[in-house]
Every structure is written in C-alpha cells, then in structure tokens.
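Heads up: the structure comes next, in structure tokens.
The values are calculated or read from the model by the stated rules, or taken from the named source; none is laboratory data. On a predicted model such as this, the values are computed, not experimentally measured, just so you know. Cβ coordinates were reconstructed from backbone atoms using ideal geometry, including for glycine residues, and neighbour counts include every protein chain displayed.
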Amino acid sequence: MIVNLYGTSAISEEGHLSVGGVDTVKLSQKYGTALYVYDVAMIREKARAFRNAFEQEKVNYQVAYASKAFSCMAMIQLAEEEGLSLDVVSGGELYTALKAGFPVERIHFHGNNKSEAEIRMALDAKIGCFVVDNFYELTLLEQLAEEKNVVANVLLRITPGIEAHTHDYILTGQEDSKFGFDLQSGQVEQAIVQATSMKAIHLLGLHCHIGSQIFETNGFVMAIEKIYRYLARWFELYGYEPEVLNLGGGFGIRYTEEDHPLPVGDYIAAMVNAVRAQLGNEMKIPEIWIEPGRSLVGEAGLTLYTVGSHKKVPELRHYLAVDGGMTDNLRPALYQAKYEATIANRMNEPKEQVYSVAGKCCESGDMLIWDCKLQSAIAGDTMAVFSTGAYGYSMANNYNRLPRPAVVFVENGEAQLVVKRESFEDLIRHDLPLKQAIISK
Ligand code: LLP
C-alpha cells in the first residue's frame, strides 16, 4: 500500500514506513537517530520536471540547484548527474562543490559580502559566473580579475521591488533589502553602465530572487514585467540587452496538507511567456536561469527520531519528546514552520492521539510540532517528520553540544550513508585547553 503523502513512501508488511524501498525502522536501527533520510528518486524526479518544463518551452536555460538548501558532496554529485548547475553562497559551499568534482563552468557564486579570499578562490577555480550584489563587490571583482588576467562573467543581482512570500506580495518602490542593486533609484542602470565598461568583467545579465515558498506565478510575472519596463529603456538608450535573466528560486513545496504547490511546469511556462510577451520586435529572448533549492530537496527528505519521554499536562497538552529538535531542524523555532509526522513502526495503527512533539534542547521554544495527530506512541518508537530535506541539515547546529545527525540516501531498495554522524570527539575537535599559566594565576 502506498502512503498518500510522499514520493516513494510505502508501508511494509510489518506496518513500517519505507522510503525508496528501504524500511525506515531498520534505517534508524542501523544508523541511529536523529537521522536525515533522502529519497533520491524524488530529487531526480523534481530535477527532471524543471528541466523538462524548459525543454518544452524551447528556450536556452540553466536550472541551478541552490545548494544552501542542503549541501554535501553526494548531493552535489547528484545535482551533477541530473544536469543541474549549482548556486553557492560562500567559500564553504564552493569548496564542497569543488571537492565533489562539480563542473566549474556551471557554478554560480552568490552572496552580499563575498570576501576577497572567496573571490580569489572562485576566480582561481574558474567558476561560471559571479552574481554581483553591490558596487563594492563589482569594483573588487574587477580588480582581482584584472590582477589574475582573467575575465569574470557577471550577473547583477537586482531588487525589483516585488517580494513574494507564499500568497502575499509586497510591492515596494525602493526595496529595503540588504541584497542587490536597487532598480527604482537608478543603481541597476549605473551598475550596467559601469560593468559594461570594465575590461575584466563580462556582463552576462541580470538576476532577481523575489522570495521563498511561493505558491503562485504572478509574483514572478510582475517581477519580469517590471524589469522589462527598465530593459526596454536601456535597450533604446544603450542598445543593452541581457544574455541571461536569472529569476531565482522560491518555488513552494508541501510541508502540511494546507500547502498546495503548483506543478513546476506552471512556474516555468508563466515565466517564459511573461518574458516573451515583453520582448517587443527587437529584443531577443535571453537564456532563462532559475535557482530552486527547497523545491528540489525539501519533500524528498525526512527526519527519523526515537521517541523518549512523555509529559502530560492535564487538560492542556501531551508532550512527546524526541532525540533531536532545534539542532537538526531550526525552522519551527525560527519561522514557526509547520510539519507533519508519523510513527514509522505503527503505520497500520490509527492516528488517534494528539501530541506536541518536543525536542531535547534546553529551550522552551524547542518544539518541532504543536498538537499533531499521531498513532499512540511509546518510548523507543521511531518517529518520521516529513519534508525536512531543505534547510534542515544545512541549518543544523550544535546547541547544547548535540552532535549533528548522519544523512542517508535511499534509492531502489538500497541505503547509502552520505554524511557521517558527528561524534563527541568531533565536538571538541577545535577546542584548545586553557593555558596552564592562566589556570595557575
Ligand atoms: N536564490 C537565491 C538568491 C536565494 O536567496 C535563495 C534562498 C534561493 C535561490 C533558493 O530559494 P528556495 O528555492 O530554496 O526557496 N532558511 C530559510 C530559507 C532561506 C532562503 C534564502 N534564499 C528556510 O528555511 O525557509
């Protein structure tokens, strides 16, 4: 029987949740908990859906995986296998990509405060493109590229004055954001004029990212229309037109049954149609790039925990604690994010209890799910929390000195450990003992 929620999830003969043909209870026994589990087939399916949508629209494109959502060497290699490009936002993400052997020409480097060392590292690696965020970076990149006698490909990140969050659109004139060149106040125009005159810079085009967890296409369409209002003028004035238009990420996913994401093809079709509609007679259609993070890996990941203590507050709440929490999933504490869960070893039992799932950190806010319907659970049961694949592991931390969990990929009935669990030893790896001289003072 297939569980209605997620990708290749199913219920095994013993009544256990299985993913990718692997029994999650066995996974928790073999690798321990908390444990991140990724359904690789689902990641592939999402990547292919984005690429197929572009193929259907018959435009040149790149789908860059925003690796901030979940970065490790195996994930980067999977992105490469699926023909994706890669968005990195730091020296650390770039290092991971390089160590994973990702094709450098398909790496795009983001960030609002790239350091000189990071820029040098990226220039030395000959990455495909820098998404330049501000004038300081433009000048620094030009200097460093000139020094190295290379030409850096550049997209200018612009803030178009449209912010989309789920169903809300915030229209602002000058956008109050730390990211990008402001469109309204003339910064973008000035940056284009500067960049096109720099010998060590090749201006590829423009980039914008309008928000996260977006469930409608109109935010993207509005952003495109706004950008083209300016582009039409710059085409007339300077003959400028972008080779590339990168429209960022932000495509919504399903965390709970309240979320109804669109098929990815709908976003792509709306974007390409909106661009086509803006071109007029003379401008050519640019290459369209996007940067999905959450929508590629979010629903494909789940976290397994072992149930521990219970606490019942009469007539108020029944707390059920697990062996993880805000250390492996910061999103509920940080954004009041909502999740669904199940007891993975009791899949054939009814969800008749209402529990609030607590983490194990010393912090009242360390709650994973409030008031959630679950099967009656006892200590030692395995709980699975769904849709934790994006910004779970990548925002994991060592609060209370909890070691970070392991990550396992499952596909076609096989499991593969791709990130080892941290040990206590790892936790003190960089600690240095107090100097004797200070102790004796
Ligand atoms: N491109 C740019 C320039 C971005 O800033 C982001 C996300 C993405 C692409 C990928 O967006 P996605 O498709 O994943 O929505 N920690 C937060 C999310 C922060 C997103 C930051 N930027 C969370 O857990 O919801």
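Quick look at the values:
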item	result
Test set (1) touching a residue at least 12 places away in the same chain (Cβ under 8 Å); (2) more than 13 Å from the ligand (Cβ to nearest atom); (3) under 28 Å from Val272 (Cα atoms) - Glu55 fails condition number	(1)
Matching entry among Asp124, Asp133, Asp87 (being in contact (Cβ under 8 Å) with a residue 12 or more places away in the chain and over 22 Å from the mean Cα position of the chain (by Cα))	Asp124
Residue, farthest from Lys284 (Cα to Cα), within the range 237-247, restricted to residues that are at pLDDT 95 or above and outside any loop (DSSP other than H, G, I, E, B)	Asn246
Enumeration of residues in the range 195-231 that are closer than 17 Å to Ile285 by Cα and touching a Ser or Thr at 6+ places or on another chain (Cβ under 6 Å)	Leu203
Those strands (runs of 3 or more DSSP E) lying entirely in the range 330-433 with at least 1 residues more than 16 Å from the ligand (Cβ to nearest atom) and without any contact (Cβ under 8 Å) to a residue 60 or more places away in the chain	341-343, 353-358, 367-374
Unique residue being within 14 Å of the ligand (Cβ to nearest atom), more than 22 Å from the chain's Cα centre (by Cα) and within 24 Å of Glu287 (Cβ to Cβ) when the list is Phe251, Phe181	Phe181
Hits in the range 295-327 - residues which are within 13 Å of the ligand (Cβ to nearest atom) and of a type outside the set (A, V, I, L, M)	Ser295, Gly298, Glu299, Gly301
Any hit, the range 261-283, residues being in a loop (DSSP other than H, G, I, E, B), within 16 Å of the ligand (Cβ to nearest atom) and in contact with a Gly (Cβ under 8 Å, 6 or more places away or on another chain)	yes
Every pair of residues 6+ apart whose Cβ atoms lie under 6 Å, when the first sits in the range 58-71 and is touching a residue at least 24 places away in the same chain (Cβ under 8 Å) and assigned by TED's automatic domain parsing to the domain that holds Glu243 while the second is part of a helix (DSSP H, G or I) and aromatic (Phe, Trp, Tyr)	Tyr61/Phe54; Val63/Phe50; Phe70/Tyr393
Residue in the range 214-234 that is more than 14 Å from the ligand (Cβ to nearest atom), touching a residue at least 12 places away in the same chain (Cβ under 8 Å) and among the polar types (S, T, N, Q) present	yes
Hey, Ser356 closer than 15 Å to Gly308 by Cβ and either at pLDDT 95 or above or within 28 Å of the chain's Cα centre (by Cα) (or both) or not	yes
Enumeration of residues in the range 242-262 that are surrounded by fewer than 17 Cβ atoms within 10 Å (Cβ to Cβ) and either free of Cβ contacts under 8 Å to residues at least 60 places away in the same chain or outside the structural domain of Phe54 (by TED's automatic domain parsing) (or both)	Glu243, Asp259, His260, Leu262
Positions within the range 193-232 being among the aromatic types (Phe, Trp, Tyr) and not in a helix (DSSP H, G or I), in sequence order	Phe215
